[in-house]
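Values quoted throughout were computed directly from the atomic coordinates according to the rules given, and no laboratory measurement underlies them. What you see is a predicted model, and the numbers here were worked out from it, not measured in a lab. We place every Cβ from the backbone using ideal geometry, glycine too, and count neighbours over all the protein chains shown.
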Amino acid sequence: MKSNQEPSTRRTIMMILKTRGPASVSDLAGELNITEMAVRRHIQGLEQEGLLLAETVKIPTGRPYLRFRLSERAEEHFPHNYHQLALDLLDELDEEDIARVFEGRKRKLLNRYQPLMEQQTLGERVATLTDIQQNSGYMASYEQNRPDEFTIYEFNCPINRVADQYNVACHCEQELFETLLGAKVTRTECIAKGGQCCVYRIQK
């Protein structure tokens, strides 16, 4: 008989792989505080559903080991917008019209969120923006590095396929962040460019 915890454990494994990248059975067992045998059972189920892929890692000394990562099919289990519809519509526009679309979206979001951040400190604005992105499906979190320096992480990109074809989407998002935060924002990693997550460094 299957445990009631099995679906939630599999979901947790997927979340770990989504936010931290490929991991071994040993890594997952340590993170979940369960036996490696139990992890293998969950991994087997996820593989049968086509949600995980295994890759062999060779090391200078010792035996090679398997590391697991999410498959493309697994991405369907995380928040996404209607990217195909958006792509189809954008394909009908020329470059100038596409730029206007994203600029218009940026202005709309700016008008929506800027009032929420009035009178806030930089740290409070970063926290507010992270909450906004989290609620929008970006799986966002942040950390404070120094008194006036922060990092925002986005482990999911609901518009990944759009951003992959139209760089202006990422550019407008970065500009939106800079305006909302009133600070310099540098993107050091990007999902649309093959990164594990989107990383934004924020400095006053």
### Those lysines that a straight Cα-Cα span of less than 22 Å connects to K106, excepting residues fewer than 8 apart in one chain
K184, K193, K204
### Task
Give, as a single signed number, the net charge of other residues whose beta carbon lies under 13 Å from the beta carbon of R100, with Lys and Arg counted +1 and Asp and Glu -1.
-1
### Separation of the H171 and E143 label points, Cα + 7 Å toward Cβ, nm
3.1
